[in-house]
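Everything on this sheet refers to the single structure shown next.
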Amino acid sequence: MGRPQRRLFRPVAGSAFLVTGPIFRQHPLGVASLVWSVFPLSAGALDICFISAALGGPLSGAALARGRLMPTRQGPPPRRDPAA
């Protein structure tokens, strides 16, 4: 989420969950909204990426920005012909 438009999404989404939570705090989804708001707000404030970490990549947003992504899986290595 490097571009400004994408980076704006995290605090906006987190704030929306944070505002919605107290309004519906009597309902389980309202409580879940309050709890869930921690993720996008902390991701934006601490420059971390929970999705990358869940997929096995780096947690640090700075590491992602530097391009230290995990290599893509390319499948098994080619088989060697035993007759060759």
*Scan region 1-48 for residues that are touching a strand residue (DSSP E or B) at 6+ places or on another chain (Cβ under 8 Å) and outside any helix (DSSP H, G or I) and jot them down.*
ASP47, ILE48
*Positions within region 1-15 being of a type in the set (D, E, K, R), farther than 17 Å from VAL38 by Cβ and either surrounded by 12 or more Cβ atoms within 10 Å (Cβ to Cβ) or modelled with pLDDT of 85 or more (or both), in sequence order*: ARG7
*Can you name the residue in region 55-84 that is within 29 Å of GLY44 (Cα to Cα) and among the aliphatic types (A, V, I, L, M) and is also modelled with the highest pLDDT among such residues?*
LEU55
*With respect to PRO28, determine if the residue is more than 22 Å from the chain's Cα centre (by Cα), at pLDDT 75 or above and exposed (fewer than 11 other Cβ atoms within 10 Å of the Cβ).*
yes
*asked:* Please go through region 31-61 and give me each residue that is in contact (Cβ under 8 Å) with a residue 24 or more places away in the chain and of a type in the set (Phe, Trp, Tyr), ordered by number.
replied: PHE39
*Looking at this structure, is LEU34 over 11 Å from the mean Cα position of the chain (by Cα) and modelled with pLDDT under 90?*
no
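The values are calculated or read from the model by the stated rules, or taken from the named source; none is laboratory data. Fair warning: this is a prediction, and the values are worked out from it, not measured in the lab. Using ideal geometry, Cβ is built from the backbone for each residue, glycine included, and neighbour counts are taken over all protein chains shown.
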